[in-house]
Amino acid sequence: MSLRTTGHRRSGDVVVALDVGGTGMKCALVRPDGGVVHAERHPTGAARGPEAVVDTILEVAEGLAGKARSYGRAPVAVGIAVPGVVDEARGVAVWSANVGFRDVPLRDLVVARLGLPTALGHDVRAGGLAEARLGAGRGARHVLFVAIGTGIAAAHVVDGSASVGAHGAAGEIGHILVRPGGPRCGCGRPGCLEAVASAAAVGRRYAELAGAPATAAEVAERAAAGEPLAAQVWQETVEALADGLASGQALFDVDTIVVGGGLAQAGALLLDPLRAALHERMTFHREPRLVAAALGDEAGCLGAALLALDAAGGVRSSMEER
Ligand SMILES: [Zn+2]
């Protein structure tokens with residue numbers, strides 16, 4: 001999709017992009033036209049504690065900038081996407097369950113180390129930005145990107161910018177209450193969408209009913225093959241997701257909902273029944289286009305590159321005008 005080589009405007013420039021996850025970091029050097037010059041992955045090593053993770057981020061970013069120079073290219077900005085609560089305006093990783101960040105001024109640390117304009121973003125919002133501007137939501141002005149994996153989170157992107165919220169916590173669609181009195185969520189409250197319909201929840205629910213473990217992908221396949229318990233769990237999942245997405249549509253009135261994350265790999269097994277269930281829930285609201293994400297697990301890194309390009313200033317169009 002987005003990463004073909006075309007234009008050569010400022011072709012010597014690249015941005016350094018990092019998408020820091022709970023287990024791994026996806027890193028790249030990206031040209032203003034979207035071409036990936038170099039990509040690498042590193043373990044996050046979250047068990048070592050947040051200080052060690054920050055050190056690794058700084059080392060990897062510095063290493064990438066050095067690689068750019070060794071290729072005869074100028075690193076012009078850095079974009080970093082991290083999970084949890086992120087204050088993008090201040091460049092602070094406020095809180096993260098799986099990496100352990102507590103008020104880490106990551107942007108200033110990168111600026112101090114590399115001396116380059118740096119943007120810090122939220123991983124799902126960065127992924128949503130990339131899907132909206134370069135992926136499955138391309139061409140739509142109002143996009144809701146929903147990542148369904150271990151948890152469920154969303155990014156609301158309007159005209160190429162993702163809404164951050166007053167406290168850096170916009171888009172927590174996984175914590176919409178869909179089943180009062182339902183299974184307890186990681187946040188402590190029973191009945192959140194994430195507690196019912198995340199990939200982890202699907203596996204848990206099936207194990208509960210069938211007495212044997214299965215991944216969400218296996219549940220989807222068994223449901224398609226006609227296994228009654230799997231079909232029941234899958235149906236419950238789809239209904240809960242449709243309730244959550246209908247709330248999202250009531251709030252945001254988007255053109256396109258892009259569904260990503262691990263559960264979206266079920267493809268039509270998820271998208272077809274979900275589209276039908278969402279259709280049933282529309283009253284006066286306009287029904288959004290419901291599509292699968294196009295960028296896979298590169299979305300967060302590409303989104304970090306977009307944030308870096310925006311931070312570098314004035315190069316946004318180069319990546320998207322094709
Ligand atoms: Zn919750």
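The set of residues in the range 36-64 that are under 26 Å from G12 (Cβ atoms) and out of contact with any Gly (no Cβ under 9 Å at 6 or more places or on another chain) comprises V36, V37, H38, A39, I57, L58, E59, V60, A61, E62, G63, L64. Can you spot a residue in the range 87-98 that is at pLDDT 95 or above, more than 16 Å from the ligand (Cβ to nearest atom), among the acidic types (D, E) and over 23 Å from P32 (Cβ atoms)? No, the range 87-98 contains no residue that is at pLDDT 95 or above, more than 16 Å from the ligand (Cβ to nearest atom), among the acidic types (D, E) and over 23 Å from P32 (Cβ atoms).
State yes or no: is V143 of a type outside the set (K, R), over 20 Å from V36 (Cα atoms), in a helix (DSSP H, G or I) and touching a strand residue (DSSP E or B) at 6+ places or on another chain (Cβ under 6 Å)?
Details: of a type outside the set (K, R): yes; over 20 Å from V36 (Cα atoms): yes; in a helix (DSSP H, G or I): no; touching a strand residue (DSSP E or B) at 6+ places or on another chain (Cβ under 6 Å): yes.
Against the criterion (of a type outside the set (K, R), over 20 Å from V36 (Cα atoms), in a helix (DSSP H, G or I) and touching a strand residue (DSSP E or B) at 6+ places or on another chain (Cβ under 6 Å)), V143 does not qualify.
Residue-wise test of (1) touching a residue at least 24 places away in the same chain (Cβ under 8 Å); (2) of a type outside the set (A, V, I, L, M, F, W, C); (3) within 16 Å of the ligand (Cβ to nearest atom); (4) under 20 Å from R125 (Cα atoms).
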position	(1), (2), (3), (4)
E194	yes, yes, yes, yes
S198	yes, yes, yes, yes
A210	no, no, no, no
A216	yes, no, no, no
L229	no, no, no, no
Q232	no, yes, no, no
Q235	yes, yes, no, no
D255	yes, yes, no, yes
R275	no, yes, no, no
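Looking across the range 54-91, the residues that are β-branched (V, I, T) and in contact (Cβ under 8 Å) with a residue 60 or more places away in the chain come down to V76, V78, I80, V82, V85, V86.
Do you know which residues across the range 171-191 are within 18 Å of A216 (Cα to Cα) and either hydrophobic (A, V, I, L, M, F, W, C) or surrounded by 23 or more Cβ atoms within 10 Å (Cβ to Cβ) (or both)? Answer for the range 171-191, where residues must be within 18 Å of A216 (Cα to Cα) and either hydrophobic (A, V, I, L, M, F, W, C) or surrounded by 23 or more Cβ atoms within 10 Å (Cβ to Cβ) (or both): G174, C185. A count restricted to the range 154-176 and to residues that are in a loop (DSSP other than H, G, I, E, B), away from the ligand (no atom under 15 Å from the Cβ), touching a residue at least 40 places away in the same chain (Cβ under 8 Å) and touching a strand residue (DSSP E or B) at 6+ places or on another chain (Cβ under 6 Å) stands at 1. In summary, E194 fulfils each of the numbered conditions (1) farther than 28 Å from S163 by Cβ; (2) among the charged types (D, E, K, R); (3) in contact with a Gly (Cβ under 6 Å, 6 or more places away or on another chain) with the single exception of condition (1).
Could you check the range 259-293 and list, in sequence order, the residues that are in contact with a strand residue (DSSP E or B) (Cβ under 8 Å, 6 or more places away or on another chain), surrounded by fewer than 21 Cβ atoms within 10 Å (Cβ to Cβ) and part of a loop (DSSP other than H, G, I, E, B)? Residue satisfying the conditions is G267 alone.
Screening V60, V53 for residues that are out of contact with any strand residue (DSSP E or B) (no Cβ under 7 Å at 6 or more places or on another chain), assigned to a helix (DSSP H, G or I) and crowded, with 16+ Cβ neighbours inside 10 Å leaves exactly one candidate, V53. Per the listing E239, E218, E208, the residue uniquely crowded, with 18+ Cβ neighbours inside 10 Å and of a type outside the set (A, V, I, L, M) is E239.
Applying the selection to the range 6-36, what residues are among the hydrophobic types (A, V, I, L, M, F, W, C) and at pLDDT 95 or above? Don't jump to the end; show me each part of the working.
Going through the range 6-36, the residues among the hydrophobic types (A, V, I, L, M, F, W, C) turn out to be 14-18, 20, 25, 27-30, 36.
Hits for the range 6-36 are V14, V15, V16, A17, L18, V20, M25, C27, A28, L29, V30.
Would you pick out the residues in the range 77-103 that are in a loop (DSSP other than H, G, I, E, B), under 11 Å from L120 (Cα atoms) and either aromatic (F, W, Y) or touching a Pro at 6+ places or on another chain (Cβ under 7 Å) (or both)? Residue satisfying the conditions is G91 alone. Just name the residue that is modelled with the highest pLDDT out of those in the range 271-322 that are more than 28 Å from T237 (Cα to Cα) and hydroxyl-bearing (S, T, Y). If we take residues in the range 271-322 being more than 28 Å from T237 (Cα to Cα) and hydroxyl-bearing (S, T, Y), then S318 is modelled with the highest pLDDT. Here the condition is being touching a strand residue (DSSP E or B) at 6+ places or on another chain (Cβ under 7 Å), free of Cβ contacts under 8 Å to residues at least 40 places away in the same chain, surrounded by fewer than 16 Cβ atoms within 10 Å (Cβ to Cβ) and among the hydrophobic types (A, V, I, L, M, F, W, C); of V36, V111, it holds for V111 alone. Listed conditions (1) farther than 22 Å from V124 by Cβ; (2) more than 11 Å from the ligand (Cβ to nearest atom) are all met by P190, apart from (2).
The values are calculated or read from the model by the stated rules, or taken from the named source; none is laboratory data. In this text, all values refer to a predicted model and were calculated from it rather than measured experimentally. Glycine also receives a Cβ, built like all others from the backbone with ideal geometry; neighbour counts cover every protein chain displayed.
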